[in-house]
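To start, the structure under review is shown below, and the notes come after it.
The values are calculated or read from the model by the stated rules, or taken from the named source; none is laboratory data. Because the structure is a prediction, the values reported are computed rather than measured. In this analysis, Cβ positions are derived from the backbone assuming ideal geometry, glycine residues included, and neighbour counts consider all displayed protein chains.
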Amino acid sequence: MRIMKYVLVEALLKGTGIEDNSPEMAQVQHICGFQRVPLKEIPVENYVQMLDWLAAHFYPALARPAGLLQVGVDFYKGYKLTILGRVQLATFQMMGPDRLVQKFPEFATNNTNFGERWTEQRGLHDYMMAYRGIPLQPEYTLGIFKGALADYDIVQPNLEYKQIGPEDYDYIIAWE
């Protein structure tokens, strides 16, 4: 079974402001398949369903792709509030955005048990990040990149993706 670690759910809860005992938390628990005590990991299919629900619930005025992009930004904001996120990202804040983009596949791989991810530098502040066997919505992934780069005051990055296969994407991440 392909799984996502609970810290990723925790980041979404923190980033969207979902509180314990709220109707939103009850819906997340239902989608993820737990009651009161969170599971240590959830199936990726449940995670994907949760992303769609969050986009529709918190961004109903936006088209699905734009809502998913915002959920990705929310995820990054929430990840910075988790213990794991604070530890992982503290060093990279000092090293700069290039190093964060280069290490991003490692962060993602540590929180899942499936797929391959790697980054290739194409030029100054210009990267191609490959995701293979990753069924996450690409707009959500772009939102994570957008949120991360905003921490470095990069507000107009070039973020694109190209679908290579059913669960395979190449992401372009570049800025001036």
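What to note about this one:
- For segment 94-104, a residue qualifies if it is touching a residue at least 24 places away in the same chain (Cβ under 8 Å) and surrounded by 13 or more Cβ atoms within 10 Å (Cβ to Cβ), and the qualifying residues are PRO97, ASP98, LEU100, VAL101, GLN102, PHE104.
- Every residue from segment 29-70 that is under 17 Å from GLU19 (Cβ atoms) and either modelled with pLDDT of 95 or more or part of a helix (DSSP H, G or I) (or both): GLN29, HIS30, ILE31, CYS32, MET50, TRP53, LEU54, HIS57, PHE58
- Taken over segment 9-24, the criterion of being of a type outside the set (D, E, K, R) and either part of a helix (DSSP H, G or I) or buried (at least 16 other Cβ atoms within 10 Å of the Cβ) (or both) is satisfied by VAL9, ALA11, LEU12, LEU13, GLY15, THR16, ILE18, PRO23.
- Looking at PHE107, PHE75, just one residue is among the hydrophobic types (A, V, I, L, M, F, W, C), within 26 Å of PRO135 (Cβ to Cβ), in the same structural domain as TYR169 (by TED's automatic domain parsing) and surrounded by 12 or more Cβ atoms within 10 Å (Cβ to Cβ), and that residue is PHE107.
- Condition check for GLN27: more than 27 Å from ASP151 (Cα to Cα) and exposed (fewer than 13 other Cβ atoms within 10 Å of the Cβ): no
- Among the residues of segment 21-44, the ones that are touching a residue at least 40 places away in the same chain (Cβ under 8 Å) and closer than 18 Å to GLY72 by Cβ come to 1 in all.
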